[in-house]
Amino acid sequence: MIRRYTFGEVFETGAVTEQVDEGRALPYFTVRADAAGTRFTCPLGEGDAVYGLGETMRGIDKRGGRYVSFNTDNMRHEDDMPSLYGAHNFCIVAGARTFGAFFDTPARAVFEADYGGSGVLSVVCERAVAVYIVEGECAEDVARQFLRAIGRSYIPPLWAFGFGQSRWGYKNERDIRRVADRYAAAGMPLDYICLDIDYMRGYADFTVDARRFPDMAGLVGEMRARGIRLVPIVDAGIKIEAGDAAYEEGVRRGYFCKNKEGEDFRAAVWPGMTHFPDFFQAEARAWFGGLYKFYTDLGFEGFWNDMNEPAIFYSEYTAGKRGDRSGGDPLYRGGAFLEDYRNFTHRAGGRTVNHWNVHNLYGGLMTRASAEGLDKLLGGRYLLFSRASYIGAHRYGGIWTGDNSSSWLMLRRNVTMMPGLNMCGFLFSGADTGGFVGNASRELLLRWLAFSVFTPLLRNHSCKLTRRQECYRFRGKRDFRSLLALRYRLLPYIYSEFMKAALSADLYIRPLAFGYPADARARKIEDELLVGDSLLVAPVLEKGARGRTVYLPAPMTQVRWTGERFETSPLSAGEHFVEVPLGQAVFFIREGKLLPVGRGGMCTAEVDLAAVELLGDGTEYAQYIDDGVTRDVSLQNVRILRR
Ligand code: GLC
């Protein structure tokens, strides 16, 4: 059951799509208004866990931490970092009493979960907020009710579940061909290559640098014939440049955010000075979405939206003011100066609103604009994922978790973030596998792949000037081949479980605690996950480890992927040390469940979703299967496989 309680004059975010009744008195929390905003306080019992909060640092259980919902471009992902790129204000308190709470506000909100041992969950919302309280039988039931209330997840095409290679630094068509050639030569599957900002002319959206890519449409077609899609990046800011069609049209029609004087707001991002499209205006959204025609005409079917917090490197409004370390350099990349978010406005529903008060919605509205444009431009599904997001944007696209680094902590955080993202609707998500900043070791990339092969978005991405991170760059290619092949062998399961979750408002990845709520030990586990209905995944997360200790709450079938075949053996409940050589993967099929595995392929087009073998001790598996393109998806596409 869900009830809504409003505090102040709320800005409707569109996050909740289901009709929800207004409640009378907010349960669980005491409410007090103070200088910081409205403060909601709920006592936590000793054994209560706090789940959710999507893209945040620390563990699956959020207890002990402080999290600030204020979308931020920041690559220092450490456990004390309060804000990342998304604002996902839904959490679940599970213990003596279990309920969910969604603080639906586009402005800044601060969550403290037993922070400093306070014994309370405290949420401070700077502006008006609609609080949704979700009550259910258990944490999983609460999560499912919330997913139903916020509407169906974005549904990507089948090829988006393939492996993607990306790097900031691919600068011309030769670089792109080389990636495709070398993956093929190494016998490693590949479904897409991302184009980072260097494909553009002067980093301007909706342009192609004709010197570097003289025949982009030709290249897209050539790659497509090889089973590989090209996926360009699109940044939020529109380059200020005379003659640029998007810039000139945006100015003429009044589609850009305004400064306090009512002029188009100016801020520096990759292209230098830009204007930010005002995604709060429906007409501006329709206009921006329509601009993707430039790309769809070239044959592109997938996109990643970036810098949409929006990221600001410099602005003349804050230049020289406290906190500005740019020295007047418009290309200084010091991260956004918070002050700038007070310096521009939007037009929303006939009113002018200061950006600061609706900041967290900006990136999600960009995703919505793109998706609505692409829905019109393309006949089928498309790949779309964004960096910034708010709950509700999950209906339009997926997200990646931004500029992480090549470290073991980041791999661990990829694991702990996934269930929270799922609870907040972002089923189609994943991290930069191998890490964005810093140099990935062979061992780290292999261990990371052994986990990422289970996440819907599987992309190797890295930053300019770091060690080259393509799988073929490392010695012992067989190990990389093995793990990438595993993804394609698992595809019938991953696709089926993702689609069933999306279509039935369910989670694709869950904490162990959700599957085994009565098991006190399972409730504490932060390094094992349930992936789909059949699997328990326990990745190796430590440097130099030969394997790891796994706790099984129930007897299961152990599956070892050797690189050539799946070896299964029954394993009793309890603790086991499992050896996992690099390049292998070990995971577990739950009691009474089945895992369909396919024959694999060098790209998703080669994978026959119907040709599967069943592993595990269950009797039936409901496989979702379709052409991977069609938009009118439904649970009717499920067929029952029997052992
Ligand atoms: C941002 C993105 C990163 C991208 C870079 C250059 O840092 O998060 O993925 O490579 O910009 O476009």
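Would you mind counting up the charge near Phe146? Only other residues with Cβ under 15 Å from its Cβ, with Lys and Arg at +1 and Asp and Glu at -1. Before the final figure, lay out the partial values.
Working: positive: Arg3, Arg4, Arg144, Arg148, Arg152, Arg395, Arg510; negative: Glu18, Asp104, Glu135, Glu137, Glu140, Asp141, Asp506.
Neighbourhood net charge equals 0.
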Mean separation of Cα pairs under 8 Å and 6+ residues apart, divided by the residue count of the chain: what relative contact order is that in percent? 14 percent
Give me the percent of DSSP beta bridges within segment 226-306 that run antiparallel, rounded to the nearest 5. 70 percent
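Out of the DSSP beta bridges found with both residues in the chain, what percent are antiparallel (nearest 5)? Mind dumping the intermediate values first?
On the way: 90 of 117 bridges.
If we restrict to bridges inside the chain, about 75 percent are antiparallel.
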Kirkwood Rh and Cα-based Rg: tell me the resulting Rg over Rh for segment 269-427, rounded to two decimals. 0.99
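Using the Cα atoms of segment 278-363 to build a convex hull, what is its mean projected area in square nanometres?
On the way: hull surface 27.5 nm².
Approximately 6.9 nm², given one-decimal rounding.
Would you please classify the overall shape of segment 511-642 from the alpha carbon gyration tensor, given that a ≥ b ≥ c denote the square roots of the eigenvalues, rounded means a/c under 1.5, and beyond that prolate means a/b larger than b/c while oblate covers the rest? Before the final figure, lay out the partial values.
Values: a/c = 1.94, a/b = 1.45, b/c = 1.34.
Taking the square roots of the gyration eigenvalues as a ≥ b ≥ c, segment 511-642 is prolate.
Output the relative contact order of segment 511-642, whole-number percent, from Cα pairs under 8 angstrom with separation of 6+ residues.
17 percent
Rounded, prolate or oblate: which fits segment 190-252 when a ≥ b ≥ c are the square roots of the eigenvalues of the alpha-carbon gyration tensor, with rounded for a/c under 1.5 and prolate only if a/b beats b/c? Write out the running numbers ahead of the final one.
Details: a/c = 2.77, a/b = 2.19, b/c = 1.27.
Cα axes put segment 190-252 in the prolate bin.
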Highest-first arrangement of 193-205, 420-432, 566-578, where packing means the average Cβ count within 10 Å: 420-432, 193-205, 566-578
Could you list which residues have their amide H under 5 Å from that of Asn404, counting only those 5 or more apart in sequence or on another chain, with H placed in the peptide plane? Asp432, Phe436, Val437
Which whole-angstrom value gives the distance between the alpha carbon centres of segment 55-97 and segment 221-271? 31 Å
Keeping all protein chains in place, calculate the accessible area per residue for the chain (probe 1.4 angstrom), answer in Å². 35 Å²
If I take every Cα pair under 8 Å that is 6 or more residues apart in segment 56-200, average their sequence separation and divide by the length, what percent do I get for the relative contact order? 18 percent
Taking N as the number of residues in the chain, what is its Cα Rg relative to 2.2 N^0.38 Å? 0.92
Where does the charge balance sit around Val531 when Lys and Arg score +1, Asp and Glu -1, over other residues with C-beta under 12 Å from its C-beta? 0
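Average the reciprocal distances over every distinct pair of alpha-carbons in segment 2-150, invert the result, and give the Kirkwood radius in Å. Don't jump to the answer; show the numbers that get you there.
Numbers: mean 1/r = 0.0650 Å⁻¹.
Hydrodynamic radius (Kirkwood, Cα pairs) of segment 2-150 is 15.4 Å.
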Point-to-point label distance, Ala210-Glu620, nm (Cα→Cβ direction, 7 Å offset): 6.2 nm
Keeping the other protein chains in place, figure out the carbon and sulfur percent of the accessible area of the chain, with a 1.4 Å probe. 47 percent
If you take every residue apart from Ala431 with its C-beta less than 14 Å away from the C-beta of Ala431, what net charge results, scoring Lys and Arg +1 and Asp and Glu -1? +2
Bin width 5 Å, alpha-carbon pairs only: give the P(r) of segment 441-529 as whole percents, running from 0 to the bin holding the largest distance. 2, 12, 17, 17, 17, 15, 11, 6, 2, 0
Can you give me the Rg/Rh ratio for segment 498-556, using Cα atoms for both radii and the Kirkwood formula for Rh? 1.02
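The values are calculated or read from the model by the stated rules, or taken from the named source; none is laboratory data. Keep in mind the model is a prediction, meaning the values are calculated, not measured. Neighbour counts are summed over all protein chains in view; Cβ atoms, including those assigned to glycine, are modelled from backbone coordinates with ideal geometry. The protein model used for the area step is the full one, side chains on, heavy atoms only, and it has no ligands, DNA or RNA in it. Shrake-Rupley method; radii C 1.70, N 1.55, O 1.52, S 1.80 Å.
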